[in-house]
């Protein structure tokens, strides 16, 4: 009867697209972080969907705290059934436990997001956009537009840079890639430039995509009365680490780490 109940629940979940995650795994050993759905045949009031806490327990109706961490699915089903029977709550309880998300299927979200941490790959939340949304999105005004994903694919190291705005601009694009167990998502700090000298508001600026020298100077309030366009120099570090001084045009794009210096006019 328990097996019939197990598959009835699984069949119901098929309609909601959860079958792949909820398929029974009788020999699987439950652990911290697993999301489980507990049902008792013909007792819908005892249905519970919960995550196993750090102590390896769940809080179950009538029984209170039940230690299921370290038990197989079948053993955990028996433990709950025994508790219901020995407590004289039910004569022949038929308990079914379905795995909704296992602890192994997790990804790490690190860097400038609002809620960094580890997130389970639950049914319906396996794409980059969905996991980033679960992490609260990126920190406004500080996060880079490039998201780096690293992990393994077919047993080989995998690393991919994703254009973050494109992911949320049009869901379902190739940039919104599905994540796999063990992936790490890194959101770096946004690149910066530095503007000093004869401008209205010298200081640090976030370097937005394709920002030109003219746009950066405008963000700094423009030149002050002492500044001159002829005195603009950009200090830029090359790949070898050496700093070069260049004199870009107003429509030239700036690069991360550029230091823009506006000299005082001599006239």
Item to complete: Taking the options 144, 150, name whichever one is part of a strand (DSSP E or B), under 13 Å from the mean Cα position of the chain (by Cα) and under 30 Å from residue 106 (Cα atoms).
Response: 150
Item to complete: Name, by its number, the condition in (1) crowded, with 17+ Cβ neighbours inside 10 Å; (2) more than 25 Å from the chain's Cα centre (by Cα) that does not hold for residue 65.
Response: (1)
Worksheet item: Residues of the stretch 99-120 being closer than 12 Å to residue 131 by Cα, in a loop (DSSP other than H, G, I, E, B) and either in contact with a strand residue (DSSP E or B) (Cβ under 7 Å, 6 or more places away or on another chain) or touching a residue at least 40 places away in the same chain (Cβ under 8 Å) (or both), which ones?
Response: 116
Worksheet item: How many residues does the stretch 199-214 hold that are more than 32 Å from the chain's Cα centre (by Cα) and more than 16 Å from residue 265 (Cα to Cα)?
Response: 4
Discussion item. So for the stretch 124-135 (the condition being within 25 Å of the chain's Cα centre (by Cα), surrounded by fewer than 19 Cβ atoms within 10 Å (Cβ to Cβ) and either farther than 30 Å from residue 209 by Cβ or not assigned by TED's automatic domain parsing to the domain that holds residue 182 (or both)), does at least one residue qualify?
Written reply: yes
Worksheet item: Out of 91, 78, which single residue is assigned by TED's automatic domain parsing to the domain that holds residue 30 and assigned to a helix (DSSP H, G or I)?
Response: 78
Worksheet, complete the sentence: Those residues of the stretch 207-230 which are within 13 Å of residue 262 (Cβ to Cβ) and surrounded by 18 or more Cβ atoms within 10 Å (Cβ to Cβ) amount to 213, 216, 217, 220, 223, 227
Item to complete: For residues that are at pLDDT below 85 and touching a helix residue (DSSP H, G or I) at 6+ places or on another chain (Cβ under 7 Å), scanning just the stretch 147-173, find the one that is farthest from residue 132 (Cα to Cα).
Response: 173
Discussion item. Looking at the stretch 174-181, can you tell me whether even one residue there is touching a helix residue (DSSP H, G or I) at 6+ places or on another chain (Cβ under 8 Å) and either modelled with pLDDT under 85 or buried (at least 19 other Cβ atoms within 10 Å of the Cβ) (or both)?
Written reply: yes
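The values are calculated or read from the model by the stated rules, or taken from the named source; none is laboratory data. Small disclaimer: the values here were computed from a predicted structure and weren't measured. As a convention, Cβ positions derive from the backbone with ideal geometry for all residues, glycine included, and neighbour counts pool all protein chains shown.
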